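J.: My questions all concern the structure below.
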Amino acid sequence: MMLKARVPLPIVTRNIRRGIKCRRCHAFDWQAIGGSIGKCGRCGQVESVQRIAADYFTRLDLLYPGDIYKRRDIMDHLKLAVSEYTLQKIIHANFRRLEHRKRIYFFSP
Amino acid sequence: MRDKPDRLKVYEFLYNRLPFSESEVIEYEAMQRMEKLEARFEQYLMKIKTSNMFIHWHAEILVDKRMEIVNVLIVTDYCYYLFVLHDLEGEYYINPFNILCNMSHEAVLDLNRSRQLFDMFREQLIDEGKYQRPIILKYVMMNKAFRMKGKRSDLFLEEQNLPYYLKAIEHSAVIRKKNHHPAST
Ligand SMILES: [Zn+2]
């Protein structure tokens with residue numbers, strides 16, 4: 001319908017730089033401190049790990065809708081040193097297992 | 001609650017992740033400026049009661065092969081209001097061809113396109129039954145340093161008048177509720 005905003009940019013290349021970056025200054029210097037929060041090493045912006053991970057995969061899904069992810073892909077996208085517990089929490093909140101297969105997921109918050 | 005357009009979210013996400021073309025940089029910067037203006041407009045909206053209104057943010061419409069943005073569409077039981085936000089600053093005048101020009105006589109905004117935009121909405125926002133709600137289009141000049149020289153236009157609404165304008169919309173949306181026309185959007 002005409003009131004819809006345009007669809008996301010058509011991205012032909014899949015060569016995007018992966019990893020969490022800062023929402024405020026766009027630096028790739030974001031580190032988890034403790035299990036639930038993280039901080040930008042450049043500007044000091046502090047955010048919840050869960051929220052920043054959810055935002056990341058939400059936007060990724062706008063670009064590549066319907067993609068499937070292995071557990072390894074998810075870790076590679078985040079590029080964060082987080083505990084197994086935090087990683088499980090991120091996966092649980094943002095993904096669903098593909099047809100009950102182990103460690104293969106699709107985005108479904 | 002207003003949400004950023006998906007396209008802007010994607011731009012923000014991709015910034016620093018891959019190189020942007022020149023046209024993408026231009027579009028990204030323009031969207032960031034729009035986002036700021038819409039956020040400011042929202043601040044004004046938050047000061048009025050909007051329960052009798054339907055508000056739609058950031059509609060992009062193709063008019064004659066060029067994209068036009070209606071930043072805010074407010075629908076009440078009695079009227080459709082289209083707001084297009086601008087952050088022009090300095091002195092401007094309207095030339096005989098209905099084009100807004102700056103003092104270096106450069107064309108800045110073709111006001112004839114407002115008519116086309118208006119017509120497009122009029123063709124689509126059709127109410128059922130006898131009552132067709134009027135459609136009002138306003139260019140909101142969101143920069144206090146915007147000045148008009150010579151002939152003025154009803155199309156423009158200056159930022160300092162926006163609170164009163166919105167208050168009037170709020171007021172009409174409430175009192176007219178009594179003789180009810182159902183809002184359908
Ligand atoms: Zn930062």
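Throughout, read-outs are computed from the coordinates displayed, never taken from laboratory work. What you are looking at is a predicted structure, and each value in this text was computed from that prediction instead of being measured. Virtual Cβ from ideal backbone geometry, glycine too; neighbours counted across all protein chains shown.
J.: Can you give the alpha-carbon Rg of region B:51-179 over 2.2 N^0.38 Å, where N counts its residues?
T.: 1.13
J.: A follow-up question, please. With unit charges on the beta carbon (Lys/Arg positive, Asp/Glu negative), name the residue among A:Asn94, A:Ala54, A:Ile104 whose Cα is farthest towards the positive pole of the charge dipole of chain A.
T.: A:Ile104
J.: Residue-wise, which Karplus ³J(HN,Hα) couplings in Hz belong to region A:69-75, taking 6.51 cos²θ - 1.76 cosθ + 1.60, θ = phi - 60°, and x for glycine or proline?
T.: Working through the residues one at a time gives 10, 7, 4, 4, 4, 4, 5 Hz.
J.: Continuing with the same structure: Let me know the charge dipole size of chain B about its Cα centre in debye, to the nearest 20, where only the beta-carbon of Lys, Arg (+1) and Asp, Glu (-1) is charged.
T.: Roughly 800 debye, rounded to the nearest 20.
J.: Now for a different question. Within region B:75-123, which chymotrypsin sites (Phe, Trp or Tyr not before Pro) sit in a loop by DSSP and count at most 12 neighbouring Cβ atoms inside 10 Å?
T.: Here the chymotrypsin sites (Phe, Trp or Tyr not before Pro) that fit, given the DSSP loop and packing criteria, are B:Phe97.
J.: With the cut-off at 1.5 for a/c, could you classify region B:113-180 from its C-alpha gyration tensor as rounded, prolate or oblate?
T.: Oblate shape, in that a/c is at least 1.5 and b/c is the bigger or equal ratio.
J.: How big, on average over all directions, is the shadow cast by the Cα convex hull of region A:29-96, in nm²?
T.: Reported value for the Cα convex hull: 4.5 nm².
J.: Starting from the Kirkwood Rh over alpha-carbon pairs, what translational D in µm² s⁻¹ does region B:30-104 have by Stokes-Einstein at 10 °C and 1.306 mPa s?
T.: In µm²/s, the coefficient rounds to 110.
J.: Taking H as built 1.01 Å from N, whose amide H comes closer than 5 Å to the amide H of A:Ile104, not counting residues under 5 places away?
T.: Distant-sequence amide H within range of A:Ile104: A:Leu98.
J.: Next question, about the same structure. Give the cross-link partners of A:Lys102 among the aspartates and glutamates, using a straight C-alpha distance below 17 Å as the criterion and excluding same-chain residues fewer than 8 apart.
T.: Within reach: A:Asp67, A:Asp73, A:Glu84.
J.: Say the cut-off is 19 Å between C-alpha atoms; which of B:Lys36/B:Lys144; B:Lys130/B:Lys167; B:Lys4/B:Lys49; B:Lys49/B:Lys167 go over it?
T.: Cα-Cα > 19 Å for B:Lys130/B:Lys167; B:Lys4/B:Lys49; rest within.
J.: Can you figure out the FRET efficiency of B:Met1 with B:Asn143, using R₀ = 25 Å and their beta-carbon distance, to the nearest 0.05?
T.: Calculated value: 0.45.
J.: To make sure I understand the rule: partners must be lysines, Cα under 23 Å from the Cα of A:Lys39, and not fewer than 8 residues away in the same chain. Which ones qualify?
T.: Reachable lysines: A:Lys21, A:Lys79, A:Lys89, B:Lys9.
J.: Further question on the same structure: As a footprinting exposure proxy, order A:Trp30, B:Trp57 by other Cβ within 10 Å, with the fewest listed first.
T.: B:Trp57, A:Trp30
J.: Then there is this: How are the C-alpha pair distances of the protein assembly as shown spread across 5 Å bins, as whole percents from the shortest bin up?
T.: 1, 4, 10, 12, 13, 13, 11, 10, 9, 7, 5, 3, 1, 0, 0
J.: If the only charges are +1 at each Lys and Arg Cβ and -1 at each Asp and Glu Cβ, what is the size of the charge dipole of the protein assembly as shown around the Cα centre, to the nearest 20 debye?
T.: About 1040 debye.
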